[in-house]
1. Sequence-distant or interchain residues sharing an amide H contact under 5 Å with Trp152, placed H: which?
2. So what are the radius of gyration and Dmax for the Cα set of segment 19-73, in Å?
Amino acid sequence: MGDDPSTPNRRDAGRPRGASVVAAVLAATRAELAESGLDGLSVDRVARRAEVNKTSVYRRWPTKEALVAAAMDGLRTEFADSPDTGNLRDDLHALAEPIAEFLSRPEGKALARAAIGTGATSEIAALASRRMTEQASPVFAIATRARGRGEWHDDTDPQQVIFSLVGAIMHRVLLEDADPTGRWLDSLVDLLHRGAAATPVAPPDRTTP
């Protein structure tokens with residue numbers, strides 16, 4: 001059936017609705033952060049990029065800080081999985097790889113800077129701290145499986161492992177401005193593996209390209 005010419009076109013046709021509004025706004029926020037940083041973030045530009053009315057943004061997130069915190073919070077399930085590869089070293093690598101890949105992207109760098117930069121508010125910093133703690137959950141699952149296989153040293157704190165992992169990646173990305181993936185990530189995982197393992201692990205031979 002064709003369109004009824006007597007029915008006026010809605011000016012908001014095609015705009016996101018409900019949950020899709022949230023997804024569109026948070027994606028736009030991360031994109032704007034990547035382009036402008038926390039200080040330059042504009043709610044007007046976020047609304048235009050997401051193709052929603054500015055009042056729709058302010059109704060859900062009354063401040064810029066709340067909007068950035070929500071954009072950060074929206075990623076909480078992205079690193080929640082801890083695939084069982086059958087051995088500790090590969091489990092750690094499977095956890096580290098998506099974190100490194102995300103933090104190497106412009107929006108990942110922008111969120112990291114927003115969380116730890118000098119302009120970070122207590123609201124954003126507190127959320128970042130909570131999310132870091134929650135990111136430890138997959139490591140606890142990895143540690144439990146590794147203990148069952150006799151691979152995990154009893155004195156190793158899983159939370160310190162994830163803090164060391166994420167901290168090293170953020171240092172690599174934000175301070176060194178270098179790629180945190182590939183062989184660099186392999187060497188970091190090897191280091192953490194040797195520290196967490198129940199028995200001594202010989203470092204791998206990485207002299208060949």
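1. Long-range HN contacts for Trp152: Arg147, Ala198.
2. 9.5, 27
Values in this text are rule-based calculations from the coordinates and carry no lab data. This structure is a prediction, so every number in the text was calculated from the model and none was measured.
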